[in-house]
Amino acid sequence: MNQYIPLPTLPTPPPFDWEGWYGAVGGRTIDIPEANEWLRKIFQEQYPRFDGDVNPAQRSFTSPSEASTWVKGLARLHGADIVGICRVEPADVYAGRTVPHRFAIVVGARMLYDAFVTVPSKEAAVECLRVYHALGETVIALASDLRTAGHACTIEHPIGDSSVLHIPLALKAGFGELGRHGSIIHPEFGPLFRIGSVLCDLDLACDEPIDAGIGAFCDRCKACRIFCPADAIPDERSSDHGLDPQGNPRYIVDTGKCFPYFARANYCSACLATCAYQHKRWATLHDGSVGQYPTVPFGTVPPAVDPDIPHHPYPQLRRDSASPHHR
Ligand code: SF4
Ligand code: SF4
């Protein structure tokens, strides 16, 4: 007899039509067999393993802090390089989506700098997808442990159709600060990592956003802006799109310029590899030596496109102030 309780199926809007979007900006032309194989494994082999039944015998903890220590240890055991915890707030969820849990366990996995010494490149594209797959295994294993301990949870994979915005969650969970290039910079690991989450209701002690001087560094540095082949990274912060967790206006990357290039040029990533934060102490090679500054071949840049098709069906709720949870 099955001793586990099946989870209810929640109503949810359909996933965003990424292929239609790419078609409207001129088409996705990246076709790398090794990258395609990682994508196949993610969508065919990992997605069917997202759900699981929950053990009715629930493990309890003496405090949220003890529970956080337990889940963070498991996340690291399953391959996470970075792990943090925060509450899920309405501004973290795409409109129209329902998230049935209060806490996010946010996990990050590093990409290896060796693959990014030339960007855009096939090596960089394959490394992105390899880490998406590795992080998929991390969130699947962590969710399985939670369910075995009697705690229902939901997997938010780092790639594909997600109900939550990974970057705001990771910022609240203390992963780092938002860089000029729109990605998070971790104080130790720099910007070369990917993010996924497991959502649950187990009472957990939360982490806090950090201020390590990274945003201030960006205000004086423009390396990513200079090396962006599509000229998509801004000179100035803008107050038109809400605030970051520190309460500062954000740098807004022009996706109408970035995405058409990104969709043709091996997922680009030039802004990550050229990021100058911390004098590239994070950019070490397999043997521990410091990698060279990346080469960015400036080729033909497709025209900027902001296609007149329905963008995302779940418009992001505006975050007008620093998260009240963290003030
Ligand atoms: S991914 Fe490439 S095109 Fe997009 S912002 Fe970064 S450097 Fe620019
Ligand atoms: S290259 Fe410089 S400005 Fe751009 S994100 Fe990195 S530190 Fe910030």
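Before moving on, here are some points about what is shown:
- Sub-7 Å Cβ pairs linking a first residue in segment 73-101 that is modelled with pLDDT of 95 or more and among the basic types (Lys, Arg) to a second residue that is buried (at least 21 other Cβ atoms within 10 Å of the Cβ) and not in a helix (DSSP H, G or I), at least 6 apart or interchain, are Arg76/Val83; Arg87/Phe103, ordered by first then second residue.
- Residue in segment 157-167 that is more than 16 Å from the chain's Cα centre (by Cα) and under 16 Å from Ala80 (Cβ atoms) present: no
- Subset tally (residues that are in contact with a strand residue (DSSP E or B) (Cβ under 7 Å, 6 or more places away or on another chain) and more than 16 Å from ligand 1 (Cβ to nearest atom)) for segment 163-194: 15
- Restricting segment 214-224 to residues that are part of a helix (DSSP H, G or I) and hydrophobic (A, V, I, L, M, F, W, C), the residue that is farthest from ligand 2 (Cβ to nearest atom): Ala216
- Filtered residues of segment 181-196 (kept if among the charged types (D, E, K, R) and at pLDDT below 95): Glu188
- Restricting segment 225-279 to residues that are touching a residue at least 12 places away in the same chain (Cβ under 8 Å), outside any loop (DSSP other than H, G, I, E, B) and on the phi > 0 side of the Ramachandran plot, the residue that is farthest from ligand 2 (Cβ to nearest atom): Gly242
- Criterion applied to Ala134, Ala173, Ala109, Ala104 was being away from ligand 2 (no atom under 16 Å from the Cβ), farther than 28 Å from Asp211 by Cβ and not β-branched (Val, Ile, Thr), and the one residue passing it is Ala134.
- Any hit, segment 94-110, residues being among the β-branched types (Val, Ile, Thr) and assigned to a helix (DSSP H, G or I): no
- The set of residues from segment 28-69 being over 24 Å from Thr138 (Cα atoms) and either polar (S, T, N, Q) or in contact with a helix residue (DSSP H, G or I) (Cβ under 9 Å, 6 or more places away or on another chain) (or both) comprises Arg28, Thr29, Ile30, Ile32, Thr62, Ser63.
- Yes/no for Asp244 being under 16 Å from Ile184 (Cβ atoms), modelled with pLDDT of 75 or more and acidic (Asp, Glu): yes
The values are calculated or read from the model by the stated rules, or taken from the named source; none is laboratory data. On a predicted model such as this, the values are computed, not experimentally measured, just so you know. Counting neighbours? That spans all protein chains shown, and the Cβs are built from the backbone with ideal geometry, glycine included.
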